[in-house]
Structure formats: C-alpha cells, structure tokens
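Remarks on the structure that follows.
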Amino acid sequence: GNEGRAKDDNTKTVSSSKFVDDTLFTKKEKLELQKVLKCSNLEDVPFAFLQAMENPKWYNDNSSDEEQDGNDSTNTKRLSLTLKPILLKLAARYLLKEKHRGKPLDGVAKFHVRNGAEMYRLNYMADVSRKGMHNSWGIMVNYRYCLAPDGVLEENQLQYERTGRIEVREGVSKWLNNNDGDDVK
C-alpha cells in the first residue's frame, strides 16, 4: 500500500501514510541521503526524507552553539548541503512539470507566467522564516519580465496561453533532468 516505515527521533519505528513517488530521487541522491539521514536501506530514504523535512531545524539556521553540540551542527550543515541540489531539482520539477489542466499548480508561478514573465532563477534558503520553510523549504523563485520593444513579453503570454509552454532561464532549467524539459523553452 501507500504505507512505509521510517524512524522518528526516539528511534521507534513509526508508520507514515504519506505517498512518496519513488522516482523523484536518483540512485545517487538516494545513496547520499541514506548516509546523511542514517537510513539502514535505500527503501527507507523517501520516508526518512519526509520526516527530516518536517523538523524545523533540518537546515543550518543561526541557532547558537549552546543549543546544538558540534556533532549536531555538523550533521545539520551536511544535511543542508546534501539537500540543496535535491530540493532545487524538486522545486524546478514542481514549478514546471506538476500541472492541473496544463497550468502550473503553484498560484504565484501561474500569475507570473500568465503575464509573460520568464522563470529566471531558484534561490536556496532565500526565505528561512517559519512560513517560508513550511511553504517551500526556504526556496524562492525570481521571475523576470522582459519589457523589450521586440514583443518578448507578449510572445511569452501567447505561448503560455496557447500551449502551456513556460519561458525558463538556466537558473531554473539547470535543475531539471534532461528528460524533464519537454514543455519549457
């Protein structure tokens, strides 16, 4: 079924009812996450990942050293560094591939691309407020509006409305797998 096993902070085995798409992580990413999340096998990685992301201290915040011993601080930094390319890849996939009726699920993305903007860059740990971490794991997107006289803005709007195609710059597209970019420019 959709249930898997993961360990909580007390090292008890707990059940997770969250569905995880096992294809979201490459084998290399799973191996990296297995090490940093201390999973006994690769099958536990997706659930351990979800559980780690629910902990508000998974990223290297500015907690004082008195709150964290050196080992925890090192592990937190290692987790944050390991997660950076993975989270940016997942963010790019979510923004560009996950759609409803051919349009992005994300309302902010939908607004900007509908108005002719291009997705310009993903920014890791750009919003580490409680809300920012909860909503997007701290990732923010820059949208760029090209107001050149050659009609780029209008062309982007028309392409998006006609085909759902989104203008994307390398600051976002570099995080997609090679086979993920079929409906982006």
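The values are calculated or read from the model by the stated rules, or taken from the named source; none is laboratory data. Bear in mind the structure is a predicted one, so any value in this text is a computation, not a measurement. Backbone-built Cβ (ideal geometry, glycine too); neighbour counts: all protein chains shown. Side chains included, ligands, DNA and RNA excluded: accessible areas come from the protein's heavy atoms. Shrake-Rupley method; radii C 1.70, N 1.55, O 1.52, S 1.80 Å.
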May I ask you to verify whether Glu43 is at pLDDT below 65, among the acidic types (Asp, Glu), outside any strand (DSSP E or B) and open to solvent by 80 Å² or more (accessible area, probe 1.4 Å)? no
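Kindly provide the set of residues from region 127-144 that are of a type outside the set (D, E, K, R) and at pLDDT 95 or above, ordered by number. Give the steps one after another, and end with the answer.
Step one: of region 127-144, the residues of a type outside the set (D, E, K, R) are 128-129, 132-143.
Across region 127-144, the qualifying residues are Ile139, Met140, Val141, Asn142, Tyr143.
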Any hit, region 100-107, residues being at pLDDT below 90, under 30 Å from Glu161 (Cα atoms) and assigned to a loop (DSSP other than H, G, I, E, B): yes
Would you mind finding the one in Tyr145, Tyr120 that is over 25 Å from Leu83 (Cα atoms) and aromatic (Phe, Trp, Tyr)? Tyr145
Of all residues in region 69-99 being under 13 Å from the mean Cα position of the chain (by Cα) and of a type in the set (Ser, Thr, Tyr), which is modelled with the highest pLDDT? Tyr94
Mind checking whether some residue in region 110-130 is among the charged types (D, E, K, R), part of a strand (DSSP E or B), touching a strand residue (DSSP E or B) at 6+ places or on another chain (Cβ under 9 Å) and open to solvent by less than 50 Å² (accessible area, probe 1.4 Å)? yes
Counted residues in region 14-34 being surrounded by fewer than 12 Cβ atoms within 10 Å (Cβ to Cβ) and modelled with pLDDT of 90 or more come to 2
Residue by residue through region 29-47, note down the ones that are touching a helix residue (DSSP H, G or I) at 6+ places or on another chain (Cβ under 7 Å), closer than 12 Å to Thr82 by Cβ and aliphatic (A, V, I, L, M). Leu33, Val36, Leu37, Val45
Determine whether Gly151 is of a type outside the set (Phe, Trp, Tyr) and in contact (Cβ under 8 Å) with a residue 40 or more places away in the chain. no
